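Notes for the one structure printed next.
The values are calculated or read from the model by the stated rules, or taken from the named source; none is laboratory data. All values reported here derive from a predicted model rather than from experimental measurement. Cβ sites come from the backbone with ideal geometry, for glycine too, and all protein chains shown count toward neighbours. Keep in mind that these areas ignore ligands, DNA and RNA; they rest on the heavy atoms of the full protein, side chains included. Shrake-Rupley method; radii C 1.70, N 1.55, O 1.52, S 1.80 Å.
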Amino acid sequence: MSSNDEKREGGGFFSALTSSVKFWGNAVQKSVNGLLGYEGLEVINPEGGTEDAEAEAERGRWKKEDRDGYWKMMQKYIGADVTSMVSLPVIIFEPMTMLQKMTELMEYCHLLDLADETEDPYMRLVYSSSWAISVYFAYQRMWKPFNPILGETYEMVNHGGVTFIAEQVSHHPPMSAGHAENEHFVYDITSKLKTKFLGNSLEVYPVGRTRVKLKNADVVLDLVPPLTKVNNLIFGRTWVDSPGEMIMTNLTTGDKVVLYFQPCGCAGRYEVDGYVYDAAEEPKILMTGKWNEFMSYQPCDGEGEPLPGTALQEVWRVAATPENDKYQYTYFAHKINNFDTAPKQLLGSDSRLRPDRYALEQGDLSKSGSEKANVRLVEVYIGLRGYRFLLKPHGLMGYGSFLEDKQRAEKRHRESLGDQFTPRWFSITGEIAPTPWGDLELYEYNGKYSEHRASIEKSDSVEEVDVKSIKFSPWQYPDL
């Protein structure tokens with residue numbers, strides 16, 4: 001047992017709460033044995049209520065006829081990684097790509113500014129880990145982002161002085177790389193999400209490496225997040241949980257923060273508790289809160305107990321959100337999707353320009369299972385930016401099918417020429433990094449995007465272009 005485990009079990013402020021962190025037993029798990037054809041299917045009630053599984057299974061966003069159809073379609077994928085699947089029901093998609101979703105971590109980037117400004121090494125981890133937790137409010141959305149096309153990018157400016165660039169650097173396996181920077185920090189990530197479909201739930205493993213360099217403090221932070229589980233995908237009310245531990249380590253000093261995302265159940269939901277430790281693994285600051293609402297901190301003694309004369313201080317609280325938003329988007333998520341955060345001379349490979357994403361954003365898919373809604377969308381969006389879509393019930397047969405076909409054609413052409421795909425803004429390092437969920441090939445930012453943007457800003461001959469008129473083109477061979 002580690003010294004940290006001994007401290008928690010020896011008393012400590014959170015000893016009673018953290019003992020069950022690695023167990024799923026707190027959530028009420030029931031098998032839908034009463035429904036013919038669905039034996040063994042788990043329905044997990046996030047509230048720990050008295051409803052039986054059969055009653056809970058009838059709740060949720062799916063009509064019965066659609067639910068049964070989706071179950072028959074999806075059950076063959078039980079145990080599989082479904083990250084790259086594109087033939088999925090339209091109802092589960094949101095008008096955002098995975099590259100844009102990566103950007104949501106920047107909403108509360110002012111916390112990293114504070115981490116860089118403080119002289120207290122332990123408060124530095126309080127601010128930084130609160131920043132890392134803040135994105136989980138957005139992660140509880142229950143829609144699937146679009147898979148990026150190889151070579152697709154996303155750019156963002158006009159938020160907290162941050163310049164952000166992300167690129168899809170690999171198609172099989174799907175991998176993305178991102179880089180963000182302002183006057184206080186540099187953020188770099190290589191991401192290779194893995195999933196496991198379990199029938200009525202989906203486990204998402206954040207295979208990746210996240211590093212943050214604080215410029216003035218001259219330290220480098222490493223982040224290892226917990227997995228995420230999406231429950232009741234088909235039967236029951238869909239909800240998201242992220243049980244496990246998040247570890248952020250100051251690689252320069254050895255200090256770290258360990259935060260425990262409590263599994264949903266008797267102790268409630270969304271609870272996060274833990275400590276900031278010095279390099280000798282002595283607790284210095286306790287942290288507590290809810291990942292969908294707020295985080296607070298308080299100085300503590302070597303046993304993890306609050307210091308006399310101190311009180312909990314709030315460090316982060318989620319911002320107000322739009323009421324009755326269809327996709328539960330925050331105001332920042334809407335900024336990510338619009339062109340106000342786009343730089344001058346937006347790259348043609350940018351996610352905002354994807355015609356399938358844009359069509360979904362503009363369309364009303366509340367009746368996505370009906371032929372009527374799909375026909376209406378065909379009528380509205382034929383010819384959108386030069387693309388034609390064929391939509392069919394229960395799926396995105398046209399959304400992305402053209403793009404996927406084009407991507408496959410590029411791959412065949414590339415292989416026939418003996419070429420290899422080379423990302424524009426990131427370079428593969430050859431380094432393999434271990435993660436709790438498998439090894440990861442690392443990409444690094446090559447600096448070319450900064451040079452690209454600098455040349456545009458300095459140029460007097462840059463013509464203003466209506467970004468909405470730009471045709472989406474992430475292609476290596478655009479004339480193919």
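Being farther than 26 Å from Ala138 by Cβ and not in a strand (DSSP E or B), is that true of even one residue in the range 262-275?
Yes, the range 262-275 contains a residue that is farther than 26 Å from Ala138 by Cβ and not in a strand (DSSP E or B).
Matching residues to (1) more than 25 Å from Met142 (Cα to Cα); (2) at pLDDT 90 or above; (3) exposed (fewer than 14 other Cβ atoms within 10 Å of the Cβ):
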residue	(1), (2), (3)
Asn337	no, yes, no
Gly348	yes, yes, no
Arg352	no, yes, no
Ala409	yes, yes, yes
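For Ala80, all conditions in the list (1) surrounded by fewer than 18 Cβ atoms within 10 Å (Cβ to Cβ); (2) without any contact (Cβ under 8 Å) to a residue 60 or more places away in the chain hold save one; what is the number of the exception?
Among (1) surrounded by fewer than 18 Cβ atoms within 10 Å (Cβ to Cβ); (2) without any contact (Cβ under 8 Å) to a residue 60 or more places away in the chain, the lone unmet condition for Ala80 is (2).
Per-residue answers, yes or no, for (1) more than 23 Å from Leu214 (Cα to Cα); (2) at pLDDT 95 or above; (3) open to solvent by less than 10 Å² (accessible area, probe 1.4 Å):
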| position | (1), (2), (3) |
| --- | --- |
| Trp239 | yes, no, no |
| Pro243 | yes, no, no |
| Met246 | no, yes, yes |
| Leu251 | no, yes, no |
| Val258 | no, yes, yes |
| Ala267 | yes, no, no |
| Tyr270 | yes, no, no |
| Ala280 | no, yes, no |
| Lys284 | no, yes, no |
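Go through the range 313-335 and give me each residue that's open to solvent by 80 Å² or more (accessible area, probe 1.4 Å) and closer than 25 Å to Met123 by Cβ.
Gln313, Glu314, Arg317, listed by residue number.
Residues in the range 302-319: is at least one over 25 Å from Gly208 (Cβ atoms) and at pLDDT below 95?
No: the range 302-319 contains no residue that is over 25 Å from Gly208 (Cβ atoms) and at pLDDT below 95.
State yes or no: is Glu404 open to solvent by less than 70 Å² (accessible area, probe 1.4 Å), acidic (Asp, Glu) and either modelled with pLDDT under 95 or closer than 23 Å to Glu167 by Cα (or both)?
So Glu404 passes the test.
So Gln407 ticks every box in (1) within 20 Å of Arg352 (Cβ to Cβ); (2) without any contact (Cβ under 8 Å) to a residue 12 or more places away in the chain but one. Which box is left unticked?
Checking Gln407 against (1) within 20 Å of Arg352 (Cβ to Cβ); (2) without any contact (Cβ under 8 Å) to a residue 12 or more places away in the chain, the one that fails is (2).
Right, Ile189: of a type in the set (Val, Ile, Thr), open to solvent by 40 Å² or more (accessible area, probe 1.4 Å) and part of a strand (DSSP E or B) or not?
no
Of all the strands (runs of 3 or more DSSP E) wholly in the range 194-261, which have at least 3 residues that are farther than 16 Å from Trp291 by Cβ, in contact with a strand residue (DSSP E or B) (Cβ under 6 Å, 6 or more places away or on another chain) and in contact (Cβ under 8 Å) with a residue 12 or more places away in the chain?
Because the criterion is at least 3 residues that are farther than 16 Å from Trp291 by Cβ, in contact with a strand residue (DSSP E or B) (Cβ under 6 Å, 6 or more places away or on another chain) and in contact (Cβ under 8 Å) with a residue 12 or more places away in the chain, the strands (runs of 3 or more DSSP E) in the range 194-261 that meet it are 194-197, 201-205, 208-214, 219-224.
Which count do you get for residues in the range 161-176 that are open to solvent by 40 Å² or more (accessible area, probe 1.4 Å) and in a strand (DSSP E or B)?
1
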